[in-house]
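Below is one structure, written out as structure tokens; the observations come after it.
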Amino acid sequence: MFKTLLFAACSLTASYSFSQADLFEKSLDSIQTETDAQQFLEKNKSAKGKVITFNKEKHHTRLAKELFSMSVGGKKFDKNSPQRTYYKVIDKTSTPYYKASCIYLDGNETDLNQINATRNNIISKYNKGFKFSDLARMYSMDQTAKKGGDLGWVTQGDLPIDIETQLFSGDYHTNDIFTVDIPEQEAYYVVVLTQDRKLIEEVKVLKVTEPRL
């Protein structure tokens, strides 16, 4: 008798678990936009989730490749995760990016005359064939010096507006060098455009995890 009751209880628990999982997946299927995703997260407080953007130039994992191959609305369940983990593709776009490197000079550390002299020296050396990465390691006064000034692929909103205005203006082409002043921040730059405007595919994904039932 006890074994029968225990079996029945386990069966009911399993049925309830499957039912909950089915409802959860159906609610995921109903998500069409980022607004839907935010509303889903607000409604399902027990689930941990966030919207992630994958960039085809920056993300090369197996997961990223799978997500790029899926269409909008597609859903992936990660069977190997310790928690129930879902990925739902909610948007795919092509975003304009530029690639650039910079040298930063701090106006709080040296006066403007010295900064301008240094920048003129940098530009002169660059035009004579010096590698910009070597010049950045030598002169730049921030953490980008360790990377040879490389900023990687950047799009609108990634950099100070004064740099973006010039970088994205269309007045410069690959390997062109120019200066940017932001006096109110005591920030002075030498910038090189290392690759022209490129449309890069991005996929926006809702990642949701919940404890296994």
Item to check | Filter result for residue 106 (without any contact (Cβ under 8 Å) to a residue 60 or more places away in the chain and charged (D, E, K, R)) | outcome: no
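Select from segment 68-81 the residues that are hydrophobic (A, V, I, L, M, F, W, C) and out of contact with any His (no Cβ under 9 Å at 6 or more places or on another chain) and list them in ascending order. Give the derivation first.
Taking segment 68-81 as the starting set, the residues that turn out to be hydrophobic (A, V, I, L, M, F, W, C) are 68, 70, 72, 77.
Listed by number, the residues that qualify are 70, 72, 77.
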Checklist outcome for this item: Taking segment 159-213 and keeping only residues that are among the basic types (Lys, Arg) and either outside any strand (DSSP E or B) or without any contact (Cβ under 8 Å) to a residue 40 or more places away in the chain (or both), one is left with 212
Checklist entry - Within the bounds of segment 74-84, is there any residue that is under 27 Å from residue 154 (Cα atoms) and at pLDDT below 90? => result no
Checklist entry - Name the pairs: first residue in segment 36-49 and closer than 25 Å to residue 82 by Cβ, second residue outside any strand (DSSP E or B), Cβ to Cβ under 6 Å, at least 6 apart or on different chains? => result 37/31; 40/31; 49/41
Checklist entry - Considering segment 117-143 alone, what residues qualify as being closer than 18 Å to residue 176 by Cα, in a helix (DSSP H, G or I) and free of Cβ contacts under 8 Å to residues at least 12 places away in the same chain? => result 120, 121, 124, 125
Checklist outcome for this item: Note on segment 144-158: residues in contact with a Phe, Trp or Tyr (Cβ under 7 Å, 6 or more places away or on another chain) and outside any loop (DSSP other than H, G, I, E, B) are 144, 153, 154
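The values are calculated or read from the model by the stated rules, or taken from the named source; none is laboratory data. Predicted, not measured: the structure shown is a model, and the values here were computed from it. Heads up, the Cβs are rebuilt from the backbone with ideal geometry, glycines too, and the neighbour counts pull from every protein chain shown.
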